[in-house]
Amino acid sequence: MRYESVNSKSAISIPTTADMRRVWRANHCVQDSTAGLYLAWVTRFRAYCAQRGLDERVELTLRGTRRFIAWYGRQRELDADRLSGARSALYALTRVYMVMKIPLPNWQPAANVRPPSSAVLRDYSDHLAHQRGNPEVTVRKRLDQVSKVLEFLARQGKTWRTMSLRDIDEFLIEFAQRYARSTTADIAGGIRSFARFLLATGRISVDLAEAVISPVQPRYDRPRRALPWEDVQHLLRAIDRSSARGLRDHALLLMMSTYGFGAGEVIRLQLEDINWEANTLKVVRPKTGVSFTLPLLPAVAKVLARYLLHGRPSYASTRHLFVQMKMPYGPLTASSAVRHVLVKHAHAAGIDAEFLGSHALRYSNAARHLDVGTRPRVLSDLLGHRDSESVSAYVRIATESLREVSLPVPT
């Protein structure tokens, strides 16, 4: 590995052109043509630093990049807002520094996450994280929900100490006038969680949780929507696998449709979960925490191997199997990322479905199993349900099976 010096006054090591090309090529996310543009911007940036006697490493922050872009725009009489390529290039340069283990300041200051505003919320946050084992995103959501309730109570001149069931009902009625039924039901679940915490910690003596009423979706009010199996096959065939992103998306959606994974399962998969010698795949169900092993089917193994060799960035900052295709190549952190992938490729394939949530392929997999005669007990185990009765949620989407018992079409 070769290095260059920032200037004659210091012995600071910086990546060479060869280093940059090597790292970018290994990460599969910077095309050679783009690398040429990036290198041109890096050259301009280094000339700017040398002219002004600046330390390149210190300037490699979002704020420093903005200063450089503003300076360059003034020098060339260009609109700084149209020089976004410079920011992308210098951010790509920071990744090279990271790979070479050369320390840099943070690209931008860490976001200030406000701590819970009161002692009870701090204790509730700790309860959710350490007693209940909820992830950070769930903790933040619950705290936000409870904060809305406390604000409502404050307008009534009350606190959680004097909160009554009538107060909760009034809050939910008001909330339901502005939000969807599912959103109202979710915040009602947050209120029940908070009420149970208050009771368990002796802060209140009345169990309010069991009496909190939220909107109910009748079990068979609306079928859960699955894609026809022909559409699933068409979706997978239509994905452009000529890019690293396409290889990742194809592998991700193939695994979801083959094994019936939900978004929470597929984004948690780690490289260590694949046993190539035994041809197995270890999976942890996020809701139950149950770990089990599935066979790594040859077709899936082939697609995964191609993604890992030619798609997944070599210098990803995580051991997660599926990562973001932008620096610093971290894990996919939410189901919304999976939904975005699914919707993008479904639309590109010309698939027009009313429901394209992150669980659409899970539903499709379940429906396909029922269509080919898989027993509910076996399907329940495959999907990770504790109760085989849960499979009944998927019975109504097995369209081929339902044809046998369908009613005459009204005329």
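The values are calculated or read from the model by the stated rules, or taken from the named source; none is laboratory data. Note that the structure is a prediction, hence the values are computed from the model and not measured. As a convention, Cβ positions derive from the backbone with ideal geometry for all residues, glycine included, and neighbour counts pool all protein chains shown.
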TODO: Being modelled with pLDDT under 80, farther than 15 Å from LEU254 by Cα and not small (Gly, Ala, Ser) narrows it down to one of ASP371, ASP352, so name that one.
DONE: ASP371
TODO: Report yes if some residue within segment 150-168 is within 20 Å of ALA334 (Cα to Cα), assigned by TED's automatic domain parsing to the domain that holds GLY190 and surrounded by 14 or more Cβ atoms within 10 Å (Cβ to Cβ); otherwise report no.
DONE: no
Task: Residues that are out of contact with any His (no Cβ under 8 Å at 6 or more places or on another chain) and over 26 Å from TYR97 (Cβ atoms), drawn from segment 302-320 - done: LYS302, LEU304, ALA305, ARG306
Open item on the list: Going through ARG268, ARG237 one at a time, which residue ends up being surrounded by 15 or more Cβ atoms within 10 Å (Cβ to Cβ), closer than 20 Å to VAL341 by Cβ and in the same structural domain as SER358 (by TED's automatic domain parsing)?
Closed with: ARG268
- [ ] Filter the helices (runs of 4 or more DSSP H) completely within segment 256-372 down to those with at least 1 residues that are more than 13 Å from the chain's Cα centre (by Cα) and more than 24 Å from LEU227 (Cβ to Cβ).
- [x] 298-310
TODO: Please state which of the following conditions THR201 fails to meet, knowing it meets all the rest: (1) outside the structural domain of PHE322 (by TED's automatic domain parsing); (2) surrounded by 20 or more Cβ atoms within 10 Å (Cβ to Cβ).
DONE: (2)
Task: Scan of segment 323-336 for residues that are touching a strand residue (DSSP E or B) at 6+ places or on another chain (Cβ under 9 Å), within 19 Å of PRO286 (Cβ to Cβ) and either free of Cβ contacts under 8 Å to residues at least 40 places away in the same chain or surrounded by fewer than 20 Cβ atoms within 10 Å (Cβ to Cβ) (or both), ordered by number - done: GLY330, PRO331
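Quick grid of which residues meet (1) under 21 Å from ALA316 (Cβ atoms); (2) hydrophobic (A, V, I, L, M, F, W, C):
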position	(1), (2)
GLN233	no, no
GLY246	yes, no
GLY260	no, no
ALA263	yes, yes
ASN275	yes, no
Task: Members of segment 18-75 that are under 33 Å from the mean Cα position of the chain (by Cα), of a type in the set (Phe, Trp, Tyr) and at pLDDT 95 or above - done: TYR38, TRP41, PHE68
Task: Filter result for GLY264 (closer than 17 Å to SER364 by Cα, modelled with pLDDT under 90 and of a type in the set (Gly, Ala, Ser)) - done: yes
- [ ] Determine which single condition ARG245 fails, assuming it passes every other condition in (1) in a loop (DSSP other than H, G, I, E, B); (2) surrounded by 18 or more Cβ atoms within 10 Å (Cβ to Cβ); (3) basic (Lys, Arg).
- [x] (1)
